[in-house]
Amino acid sequence: MQMRTLGANGPQVSAIGLGCMGMTWAYGASDERQSLAALDRALELGINFFDTAEVYGPYTNEELLGRALGHRRDNLVIATKFGFKLAGGPRPAGVDSRPENVKAVADASLKRLKLDHIDLFYQHRVDPDVPIEETVGAMADLVKAGKVRFLGLSEAGAATIRRAHATHPITALQSEYSLWTRDPEAEILPLCRELGIGFVPYSPLGRGFLTGKISVSEEFEEGDFRRALPRFQADAMAHNMAVVEALKRVAEAKGTTPAQLALAWLLHQGPDIIPIPGARKIAHLEDNAASAAVKLTGEDLKAINEAAPASAFAGARYTEQMMSMVGR
């Protein structure tokens, strides 16, 4: 597995990380035995960058990683996130980045993860009621206390990123980015490069759509939050499937799977990009990991961009309410 440096002065991480959310949350029923096997296989493949959050479950995702990885700490980079207001249900009830909550979540996450420090601690969503300087100041206190090594933001807007970075160096920004979602290219990616902030794309396979394994008539099970997303509604699905079929033809000509093509495209956007595709099954994990070895030529990149230009996909990536929480 190739390694990349996260941010200007961050840790060495595998070029392909592992987003663990789906192992316990958001995509329907989970299978702990299957997830633990996938985490073991990830380590064998050289993946050392694992992403979770307190809200995934809530709490159960961090607990899973604690059982699987807490005793195998050496050389692993484990990231988790705070910032949602949890009110006892499966979904958050708003955001909360008050300094006291930042510190309380860090302590609770350390216990669930069975760690003595968190490698990368992200603010999950910007809280408009708390100045970012106060939130990042509390995060910086955690660094001083040895509880956190590096700081990150998720789905933050450009002005917030600048203010946060001026308060304490931000190592990574995690936001959705893929052939399916090109929004960061206009402003956020150039800003991250200006400031030396690494970029961590989540949902780099379009929540599974870019794998080419989802059909137009797909019926997502109860508890799968894709059921509510605009891009997975019938009209948008029919339009988007045509784009994926074009990408599948490019992948076939290249001798890769569609997932490998999509991830390789991301890796070729710059050495500062470390995608974290999710995988619950070993076969999917292995397919994703193999993308790090795929070399794309200029002609390949041209063919990919012609098959899936920036405006190719129909439908918003989130519901209106969820979209209101990004880019703040």
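Only the coordinates and a few stated rules stand behind these numbers; no lab work does. A quick note: this is a predicted structure, and the numbers were derived from the prediction, not measured. Here Cβ is always computed from backbone atoms with ideal geometry, including for glycine, and neighbour counts include all displayed protein chains.
For the reader, a short list of remarks on this structure follows.
- Packing, as the average of other Cβ atoms within 10 Å across residues, places the peptides 100-110, 181-191, 294-304, 16-26 in the order 16-26, 100-110, 181-191, 294-304, highest first.
- Cα point-scatterer Debye curve for the stretch 174-254, base-10 log of I(q)/I(0) at q = 0.11, 0.27 Å⁻¹: -0.38, -1.28
- Beta bridges by DSSP in the chain, antiparallel share as percent, to the nearest 5: 20 percent
- For the stretch 10-24, the Karplus equation 6.51 cos²θ - 1.76 cosθ + 1.60, evaluated at θ = phi - 60°, returns couplings of x, x, 7, 10, 5, 4, 10, x, 9, x, 9, 3, x, 5, 9 Hz by residue, with Gly and Pro reported as x.
- Per-residue ³J(HN,Hα) for the stretch 251-263, Karplus 6.51 cos²θ - 1.76 cosθ + 1.60, θ = phi - 60°, Hz, x for Gly and Pro: 4, 4, 5, 7, x, 10, 7, x, 4, 4, 5, 5, 6
- A straight line joining the Cα centroids of the stretch 57-77 and the stretch 261-284 runs 21 Å.
- Prolate/oblate/rounded call for the stretch 265-328, Cα gyration tensor, a/c under 1.5 rounded: oblate
- Restraint check, LYS281/LYS302; LYS111/LYS144; LYS114/LYS281; LYS111/LYS147, Cα-Cα greater than 21 Å: LYS281/LYS302; LYS114/LYS281
- Taking 0.36 nm per residue of separation and subtracting the current Cα-Cα distance, fully stretching the chain between GLU219 and ALA104 would add 37.5 nm.
- Oblate is the label for the stretch 1-111, because a/c, from the alpha-carbon gyration tensor with a ≥ b ≥ c as root eigenvalues, is 1.5 or above and a/b does not exceed b/c.
- Peptides 227-234, 319-326, 42-49 ranked from most to least packed, by the mean per-residue count of other Cβ atoms within 10 Å: 42-49, 227-234, 319-326.
- Take the Cα of ARG73, step 7 Å toward its Cβ, do the same at THR60, and the gap between the two points is 2.8 nm.
- Site pair THR297 and ASP129 shows an inter-label distance of 5.7 nm when each label is modelled 7 Å from Cα along Cα→Cβ.
- Derived scalar couplings ³J(HN,Hα) [the stretch 311-328; Karplus, 6.51 cos²θ - 1.76 cosθ + 1.60; whole Hz; x for Gly, Pro]: 9, 6, 8, 9, x, 5, 6, 9, 5, 4, 5, 5, 5, 5, 9, 10, x, 8
- Overall, the anisotropy analysis places the stretch 132-214 in the prolate class: the square-rooted eigenvalues a ≥ b ≥ c of its C-alpha gyration tensor yield a/c not less than 1.5, with a/b exceeding b/c.
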